[in-house]
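Asker: Just passing along the structure, written as structure tokens.
The values are calculated or read from the model by the stated rules, or taken from the named source; none is laboratory data. Note that the structure is a prediction, hence the values are computed from the model and not measured. Backbone-built Cβ (ideal geometry, glycine too); neighbour counts: all protein chains shown. The protein model used for the area step is the full one, side chains on, heavy atoms only, and it has no ligands, DNA or RNA in it. Shrake-Rupley method; radii C 1.70, N 1.55, O 1.52, S 1.80 Å.
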Amino acid sequence: MHNPVTVEVTRGKLVESRHRGLAVVVDGDGNVVYSAGAIETPTFPRSSCKAMQALPLIETGAADAYGFGNKELALACSSHSGEDEHVALAASMLKRAGQDESVLECGAHWSFEQKTLIHQARTLEKPTALHNNCSGKHSGFICACCHAGDDPRGYAGYEHPLQAEIRAVMADLTGTPLSRDNCGTDGCSIPTYAVPLVDLARGFAKMATGKGIGPQRAAASKRLIEACMAEPFYVAGTGRFCTRLMQVAPGRIFAKTGAEGVFCAILPEKGLSLAVKCEDGASRAAESMIAALLARYFEKESAEQAALLGMANHSMRNWIGLHVGDVRVTNVLFD
């Protein structure tokens with residue numbers, strides 16, 4: 001099955017590039033209410049599933065033991081920009097567990113966001129692991145290990161008890177068996193598992209509604225999703241797409257991006273979960289796809305729908321501000 005063209009990029013009067021993709025929306029019972037493309041395709045969720053990976057932080061009791069509030073929980077689900085607030089909070093999380101940045105196994109890198117990168121280059125000799133966009137997630141992992149009495153060393157490895165627990169959590173949510181056969185290594189060194197895109201969406205639908213999972217997991221899921229919606233800056237950062245999406249309708253949209261063109265979202269009040277994958281891995285297309293898909297479920301001509309469509313379809317300008325083209329979704333996603 002060929003995936004449809006979901007996003008076009010124009011230059012002048014011509015279409016310069018086309019992006020193909022797959023997209024799915026499921027309800028709280030796991031029923032598909034919208035789909036486009038080969039939604040059964042195994043897809044590495046990458047960072048889009050961080051809220052699933054953060055569940056042991058709450059379920060082990062670590063979050064309460066260390067006094068974590070919405071900001072800390074949001075950071076545990078984040079792919080942050082390495083802004084000063086993100087770095088300080090990750091360090092604080094580790095300190096409460098009696099640890100510091102030396103235990104982080106995510107590696108160090110400069111921010112991917114230009115303004116933050118310039119700030120870092122002016123103020124730092126070099127970045128640390130705390131500046132890694134995954135340091136919040138990894139700090140949450142370490143806190144879960146410490147509270148459970150597990151040695152945090154090697155926590156990123158497939159055989160570590162924490163990764164075994166995360167594997168069990170994600171299998172429970174997605175309904176997909178997870179093993180070395182569908183395992184890869186994520187950019188931050190932890191295991192990542194390819195699951196059908198529709199099953200990834202079904203996992204988030206369980207988190208949104210609590211249906212099909214135990215009461216403890218349902219409560220932990222609700223707490224994480226609400227924390228992210230309450231503190232969208234700590235999920236991503238200044239000007240980032242995840243943050244902007246959640247700011248469109250505060251408390252009504254959860255959104256999380258992943259590398260290689262994956263994006264997931266939840267509309268809690270509607271009990272709907274959305275997932276998209278741009279076939280060629282382009283983030284610009286995945287962002288337009290998820291915004292357009294979200295717009296389908298807001299009242300016609302409402303401010304929220306207009307804002308989402310404005311994020312899905314937008315102009316491109318060059319370095320001196322000239323309008324050179326547009327990014328636009330096709331009617332496959334929004335008609």
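Per-residue answers, yes or no, for (1) basic (K, R); (2) closer than 16 Å to T60 by Cβ:
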site: R153; (1), (2): yes, no
site: H160; (1), (2): no, yes
site: P191; (1), (2): no, no
site: T209; (1), (2): no, no
site: E231; (1), (2): no, no
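Asker: Of the conditions (1) of a type in the set (D, E); (2) buried (at least 24 other Cβ atoms within 10 Å of the Cβ); (3) more than 29 Å from T209 (Cβ to Cβ), E101 satisfies every one except a single condition; which number is it?
Answerer: That leaves (2) as the condition not met.
Asker: List pairs: first in region 182-204 and touching a residue at least 12 places away in the same chain (Cβ under 8 Å), second assigned to a strand (DSSP E or B) and aromatic (F, W, Y), Cβ under 7 Å, 6+ apart or cross-chain?
Answerer: Pairs found: N182/Y193; C183/Y193.
Asker: T6 - would you say it is under 30 Å from H323 (Cα atoms), within 21 Å of the chain's Cα centre (by Cα) and among the polar types (S, T, N, Q)?
Answerer: Values: under 30 Å from H323 (Cα atoms): yes; within 21 Å of the chain's Cα centre (by Cα): yes; among the polar types (S, T, N, Q): yes.
So T6 passes the test.
Asker: Now for a different question. Looking at region 206-234, which of its residues are part of a helix (DSSP H, G or I), in contact (Cβ under 8 Å) with a residue 40 or more places away in the chain and over 17 Å from C77 (Cβ atoms)?
Answerer: T209, Q216
Asker: Restricting to region 307-335, what's the tally of residues that are hydroxyl-bearing (S, T, Y) and assigned to a loop (DSSP other than H, G, I, E, B)? Lay out the reasoning, then the answer.
Answerer: Kept after step one, since they are hydroxyl-bearing (S, T, Y), are these residues of region 307-335: 315, 330.
So of that shortlist, the ones also assigned to a loop (DSSP other than H, G, I, E, B) come out as 330.
Within region 307-335, residues that are hydroxyl-bearing (S, T, Y) and assigned to a loop (DSSP other than H, G, I, E, B) number 1.
Asker: Could you count how many residues in region 87-107 are under 24 Å from the mean Cα position of the chain (by Cα) and farther than 11 Å from C134 by Cβ? First the steps, then the outcome.
Answerer: First pass over region 87-107, keeping only residues under 24 Å from the mean Cα position of the chain (by Cα): 87-94, 101, 103-107.
Now restrict to residues that are farther than 11 Å from C134 by Cβ: 87-89, 91-94, 101, 103.
Here the count works out to 9.
Asker: Please tell me if I166 is among the aliphatic types (A, V, I, L, M), in a helix (DSSP H, G or I) and in contact (Cβ under 8 Å) with a residue 12 or more places away in the chain. Talk me through it step by step, then tell me what you get.
Answerer: Numbers: among the aliphatic types (A, V, I, L, M): yes; in a helix (DSSP H, G or I): yes; in contact (Cβ under 8 Å) with a residue 12 or more places away in the chain: yes.
In short, yes.
Asker: Contact list please: Cβ distance under 9 Å, first residue in region 323-335 and closer than 19 Å to L293 by Cβ, second residue among the β-branched types (V, I, T) and open to solvent by 20 Å² or more (accessible area, probe 1.4 Å), pairs at least six apart or on different chains.
Answerer: Hits for this filter: T330/V5; V332/V5.
Asker: Further, regarding this structure: Tell me yes or no: at least one residue of region 112-124 is within 22 Å of D186 (Cα to Cα) and part of a helix (DSSP H, G or I).
Answerer: If we filter region 112-124 for residues that are within 22 Å of D186 (Cα to Cα), which is where we start, we get 112-113.
Next cut, part of a helix (DSSP H, G or I) only: none.
No - not one qualifying residue is present in region 112-124.
Asker: Follow-up question, since we're still on this one. Considering each residue of region 177-222, count those that are touching a Lys or Arg at 6+ places or on another chain (Cβ under 6 Å) and open to solvent by 60 Å² or more (accessible area, probe 1.4 Å), and give that number.
Answerer: The total comes to 1.
Asker: Moving to a separate point now. Checking the conditions here, which among K270, K300, K277 is charged (D, E, K, R) and surrounded by 24 or more Cβ atoms within 10 Å (Cβ to Cβ)?
Answerer: Numbers: K270 fails: surrounded by 24 or more Cβ atoms within 10 Å (Cβ to Cβ); K300 fails: surrounded by 24 or more Cβ atoms within 10 Å (Cβ to Cβ).
Testing whether each residue is charged (D, E, K, R) and surrounded by 24 or more Cβ atoms within 10 Å (Cβ to Cβ) leaves just K277.
Asker: Checking A265 against (1) under 12 Å from the mean Cα position of the chain (by Cα); (2) open to solvent by 10 Å² or more (accessible area, probe 1.4 Å), which single condition isn't satisfied?
Answerer: It fails just one condition, (2).
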